[in-house]
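Read the structure below first, then the notes.
Read the figures in this text as sums done on the coordinates, not as results from a lab. Since the model is a prediction, treat every value here as computed from it, not as a measurement. Heads up, the Cβs are rebuilt from the backbone with ideal geometry, glycines too, and the neighbour counts pull from every protein chain shown.
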Amino acid sequence: MLDIYRTDDSVIHETSEYEPGCWIKLTAPSADECEQVADDYNMDITDVRAALDEEESSRISVEDDYTLILIDIPTAEERNNRHTYTTIPLGILLRDDVIITVCNEETSVLRSFIDHRVKEFSTKKQMRFTYQILYNSSMVYQSLLRTIDRQRTEIEERINEKNTEDSDLIDLHELESNLVYFATSLRANNLVVERLTRYSRIRHYDDDAEILEDVIVETKQAIEMTSIYRDIINGTRDLMSTLINNRLNNAMKYLAAVTIVLSVPTIIGGLWGMNVDSRWMPLSHTPFGFAILCVATLIISVLTAIVLHKRKML
C-alpha cells in the first residue's frame with residue numbers, strides 16, 4: 001500500500017500525487033510500488049525494499065542523493081497461541097525534498113502521526129520528522145515494556161494464590177522471549193541514534209538537537225527498563241521453580257507420613273496373620289483378643305500420627 005501525506009499549517013492531510021515536502025508511506029508494498037518509488041527518486045531498489053526483510057539489521061547508509069536509516073520497531077504477533085511482541089524493521093529514506101517510510105505492516109509508531117497524536121511535526125522537515133519517529137518508537141517500546149511487566153505481576157499474583165499452572169510457566173517464558181527481542185533491537189537502534197550525531201553529511205539543525213537528545217535519553221531508558229524487567233522475570237521464574245519444588249516436597253512429605261501411619265496396622269496385621277501354632281500367638285486364646293488388638297493398633301497409629309504432626313510432617 002502506498003499513501004502520500006503532507007502537512008500544511010501543522011495539519012496533516014492525504015494527497016494523491018508526489019510533491020516537495022511530502023511523506024510517502026509504504027506499508028507492505030508490492031514490487032511495482034517499490035520500483036515506482038525507486039525510479040521516481042533515483043534510489044536503489046534494494047534500499048527501498050530493505051525494511052521488508054525481517055532479518056535486516058538496524059543501520060545507516062548514506063548515498064549520494066539520499067540516506068537510508070533502518071531501525072527495529074515493536075509490534076504484536078500471535079506466537080504459540082498467545083498474544084506476544086516482537087520487532088520488525090522500519091526503513092526511513094531521506095531526500096532533500098521528501099521522506100519515505102517502508103514497513104511490512106501497519107504500525108502504531110507511524111499511525112500516531114496520522115491520527116494527530118503527535119504535536120508540532122512537519123513532513124517538510126525531514127530530519128526533525130525522523131527524530132520524532134525514533135522518539136515515538138522508543139515510547140512505544142516503553143509502553144509495551146510496562147504491559148509486559150503488568151502481565152508478569154499477574155502471573156506472580158497467581159503464584160501467591162497457589163493457582164500456578166503449566167500455562168504460567170509458558171507465559172513467563174514468552175515474556176522473557178519478548179524482552180530478548182526488545183533488548184537486541186534497542187541496542188542496535190541505540191547505535192543508529194549515536195551515529196546520527198556523528199554523520200556530517202546528514203543535515204542537522206539547532207532546533208532539532210533537543211529532540212535528538214530526547215531520542216538518545218528515551219532509547220537508553222528503554223534499554224535499562226528491558227534489562228531490569230529481564231532480571232525481575234528471572235527472579236519470578238526462580239521463585240516459581242522454588243515454590244513448585246517446595247510444594248512437591250510437602251506433598252511427598254505428607255504421603256510419606258501417611259505411609260508411616262498406615263504401616264502400623266499393616267505390620268501388626270501381618271504378624272498376627274502368620275501361619276504359626278496359635279499357642280505361640282499372643283491374645284489368641286484371650287477373650288476379646290481381636291478387639292484388644294484392634295484398639296492397640298489404633299492407639300499406636302494415633303500416637304504415630306501425633307508425633308508426625310508435631311514434626312510438621314502431617
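Of the GluC sites (Glu not before Pro) found in the range 43-107, those that fall in a DSSP loop while having at most 15 other beta-carbon atoms within 10 Å are E54, E55, E56, E63, E105, E106.
Dipole of the chain, Cα-centred, from +1 at each Lys and Arg C-beta and -1 at each Asp and Glu C-beta, to the nearest 20 debye?
Values: 32 positive and 52 negative charges, 674 e Å.
The calculation lands at about 3240 debye.
Calculated [222 nm] ellipticity per residue, helices only, for the chain: -20000 deg cm²/dmol; basis is -39500 (n - 2.57) per DSSP H run with n ≥ 4, divided by all residues, nearest 500. Rounded to the nearest 10 degrees, the angle from helix 31-40 to the longest Cα principal axis of the chain is 30 degrees.
With 0.36 nm allotted per residue and the present C-alpha distance subtracted, the E35-S57 stretch has 5.7 nm of extension available.
Dividing the convex hull volume of the alpha-carbon atoms in the chain by its residue count gives 188 Å³ per residue.
Using Cα atoms only, what is the angle between the long axis of helix 166-196 and the major principal axis of the chain, expressed in degrees (0 to 90) to the nearest 10? Taking Cα atoms only, the helix is inclined about 30 degrees. In loop segments of the range 232-314 as defined by DSSP, the chymotrypsin sites (Phe, Trp or Tyr not before Pro) with at most 15 further C-beta atoms inside 10 Å of their C-beta are F288. Pairs of lysines in the chain whose Cα atoms sit within less than 30 Å of one another amount to 12, provided the residues are eight or more positions apart or on different chains.
Descending by average beta-carbon neighbour count within 10 Å, the peptides 225-237, 31-43 line up as 225-237, 31-43, the highest first. Neighbours of F121 by Cβ distance under 13 Å: Lys/Arg scored +1, Asp/Glu scored -1, total 0. Normalising the average separation of contacting C-alpha pairs (under 8 angstrom, six or more residues apart) by the number of residues puts the relative contact order of the chain at 15 percent.
Full extension of the segment from S167 to F288, taken as 0.36 nm per residue of separation minus the current Cα-Cα distance, would add 37.8 nm. At the listed q of 0.09, 0.10, 0.12, 0.15 Å⁻¹, the Debye profile of the range 1-143, built from one uniform point per Cα, gives log10 I(q)/I(0) equal to -0.26, -0.32, -0.46, -0.72.
How long is the gain from T147 to T15 if the chain were fully straight, where each residue apart is worth 0.36 nm and the alpha carbon distance is subtracted?
So the extension gain works out to 43.9 nm.
A simple spin-label model places the labels of T184 and N246 3.5 nm from each other, with each point 7 Å out along Cα-to-Cβ.
Kindly state, to the nearest 0.05, the FRET efficiency for D8 paired with T197, given R0 = 35 Å and r defined as their beta-carbon distance. Using R0 = 35 Å, I get an efficiency of 0.70.
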